[in-house]
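**Student:** Please find one structure pasted underneath; my questions will follow.
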Amino acid sequence: MTQVRRMTSLLLLLVLGTGAPVVVAQEGSGDGPVVLVTGSNRGIGFEFVRQYAELGWNVIATARTPDRATDLQSLAGEYPNVRVERLDVTDVGQIQALARKYDGWSIDVLLNNAGVLGSASGQAMDGLDSDEFHRVMAVNAFGPLKVTQAFLDHVARSDQKKVVTITSGSGSLGLAAPGGGAYQAGFVYYRASKAAVNMAMLALHAHASERDVLVGLYTPPFTESDMAQEVRDALGRDMAAQPVDEVVRALVARIGELDTATSGVFMTYEGNPVPW
């Protein structure tokens, strides 16, 4: 046994020394389906991790700075089926490295949740900031598309084969049209980024359906979170929000129901269609 351990240690040193990527064996993850959640350090993403962990799923929870995600680290300590990984969804190198690390894994649900609201002043019509535009677009539109590209093989080899993106009704052109609803003022970059990711996921649906991969696109209601407080602060209004646990519970149910009939359909968290 001692000799085997020495040989294992030597092999690990050789692998690390050559710069070869470390690959995690799925056999050690236990039974049950696998979900990968981006932006899981707080809010809706954190609640997704908690609820899927309670349901017995193997959860790969990603965050841009996991060392500072103390609640997420505590949750991972409570649930052995939760793995915390570093991932900035705008960093192509990090995305590709994480995909290689889990090479060979079957990921049943890829959950693109990471998103930013952006500063209110930086995207106001009288103060458009180009750097803020690129940041919001990179996180909200490019990130989900690039992460999906990197993990599409992982999803395609799984049993459930689902790619899910959490979007927003504020990206709906139908709701933003005159008489269409309340999404008409402020946060223009955020709204544009959600319209962009909606179109990107619609294009992905056409591409991924060839591999029997389902694409879910869901908008939650105004949900109690740090982002909700950012909206309140920016608008100077005390707006009521839905409890995050109830919203995520409904979203988990919608994801479970996702099939060929609802794949590629823009829907609310309650399962109602949203105009594009």
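The values are calculated or read from the model by the stated rules, or taken from the named source; none is laboratory data. Small disclaimer: the values here were computed from a predicted structure and weren't measured. Cβ coordinates were reconstructed from backbone atoms using ideal geometry, including for glycine residues, and neighbour counts include every protein chain displayed.
**Student:** Criterion first (surrounded by fewer than 16 Cβ atoms within 10 Å (Cβ to Cβ), of a type outside the set (Lys, Arg), over 17 Å from VAL244 (Cβ atoms) and without any contact (Cβ under 8 Å) to a residue 24 or more places away in the chain) does GLY77 satisfy it? Spell out the reasoning first.
**Tutor:** On the way: surrounded by fewer than 16 Cβ atoms within 10 Å (Cβ to Cβ): yes; of a type outside the set (Lys, Arg): yes; over 17 Å from VAL244 (Cβ atoms): yes; without any contact (Cβ under 8 Å) to a residue 24 or more places away in the chain: yes.
For GLY77, the condition - surrounded by fewer than 16 Cβ atoms within 10 Å (Cβ to Cβ), of a type outside the set (Lys, Arg), over 17 Å from VAL244 (Cβ atoms) and without any contact (Cβ under 8 Å) to a residue 24 or more places away in the chain - is met.
**Student:** Please go through region 118-140 and pick out each residue that is more than 16 Å from ASP88 (Cα to Cα), without any contact (Cβ under 8 Å) to a residue 40 or more places away in the chain, assigned to a helix (DSSP H, G or I) and not small (Gly, Ala, Ser).
**Tutor:** The answer is ASP131, and nothing else.
**Student:** Here is a further query. If you take the residues of region 139-161 that are among the aliphatic types (A, V, I, L, M) and under 18 Å from VAL34 (Cβ atoms), which of them is surrounded by the fewest Cβ atoms within 10 Å (Cβ to Cβ)? Steps first, please.
**Tutor:** Start the filter on region 139-161 by keeping residues that are among the aliphatic types (A, V, I, L, M), which leaves 139, 141, 145, 147, 150, 152, 155-156.
Filter once more, keeping what is under 18 Å from VAL34 (Cβ atoms): 147, 150, 152, 155-156.
Working: VAL147: 26, ALA150: 19, LEU152: 20, VAL155: 24, ALA156: 16.
Result: ALA156.
**Student:** Quick check on this structure: which one of ALA114, ALA97 is small (Gly, Ala, Ser), assigned to a helix (DSSP H, G or I) and either within 15 Å of the chain's Cα centre (by Cα) or farther than 23 Å from ARG254 by Cβ (or both)?
**Tutor:** Values: ALA114 fails: assigned to a helix (DSSP H, G or I).
Result: ALA97 is the single residue among ALA114, ALA97 that is small (Gly, Ala, Ser), assigned to a helix (DSSP H, G or I) and either within 15 Å of the chain's Cα centre (by Cα) or farther than 23 Å from ARG254 by Cβ (or both).
Condition check ((1) outside any helix (DSSP H, G or I); (2) closer than 17 Å to MET227 by Cα; (3) touching a residue at least 12 places away in the same chain (Cβ under 8 Å)) across all residues:
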{"site": "PHE142", "(1), (2), (3)": "no, no, yes"}
{"site": "GLN149", "(1), (2), (3)": "no, no, no"}
{"site": "LEU152", "(1), (2), (3)": "no, no, yes"}
{"site": "VAL163", "(1), (2), (3)": "yes, no, yes"}
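**Student:** Among the residues of region 198-230 satisfying the criterion of being touching a Gly at 6+ places or on another chain (Cβ under 7 Å) and in a helix (DSSP H, G or I), which is farthest from LEU145 (Cα to Cα)?
**Tutor:** First, the residues of region 198-230 that are touching a Gly at 6+ places or on another chain (Cβ under 7 Å): 198, 202, 205, 215, 219, 225-227.
Then drop every residue that is not in a helix (DSSP H, G or I), which leaves 198, 202, 205, 226-227.
Working: ASN198: 10, LEU202: 11, HIS205: 11, ASP226: 24, MET227: 22 Å.
By that ranking, first place goes to ASP226.
**Student:** Something else: So THR262 clears everything in (1) touching a residue at least 60 places away in the same chain (Cβ under 8 Å); (2) of a type in the set (Ser, Thr, Tyr); (3) farther than 30 Å from ASP131 by Cα except one condition, right? Which one?
**Tutor:** (1)
**Student:** Identify all residues within region 51-94 that are touching a Phe, Trp or Tyr at 6+ places or on another chain (Cβ under 8 Å), of a type in the set (Val, Ile, Thr) and under 18 Å from VAL252 (Cβ atoms); write none if there are none.
**Tutor:** Selection gives VAL59, ILE60.
**Student:** Out of all the residues in region 110-129, is one or more buried (at least 22 other Cβ atoms within 10 Å of the Cβ), closer than 28 Å to VAL247 by Cβ and of a type in the set (Val, Ile, Thr)?
**Tutor:** Within region 110-129 (the criterion being buried (at least 22 other Cβ atoms within 10 Å of the Cβ), closer than 28 Å to VAL247 by Cβ and of a type in the set (Val, Ile, Thr)), the answer is no, since none of the residues qualifies.
**Student:** Exactly one condition in (1) part of a loop (DSSP other than H, G, I, E, B); (2) more than 20 Å from VAL215 (Cα to Cα) is not met by SER74; state its number.
**Tutor:** (1)
**Student:** Within region 45-71, can you find the residues that are crowded, with 23+ Cβ neighbours inside 10 Å and either touching a Cys at 6+ places or on another chain (Cβ under 7 Å) or farther than 20 Å from ALA99 by Cα (or both)?
**Tutor:** PHE46, GLU47, PHE48, TYR52, listed by residue number.
**Student:** List pairs: first in region 223-249 and over 25 Å from ALA124 (Cβ atoms), second of a type in the set (D, E, K, R) and modelled with pLDDT of 75 or more, Cβ under 8 Å, 6+ apart or cross-chain?
**Tutor:** Filtered contacts from region 223-249: VAL244/GLU47; ASP245/GLU47; VAL247/GLU47; VAL248/GLU47.
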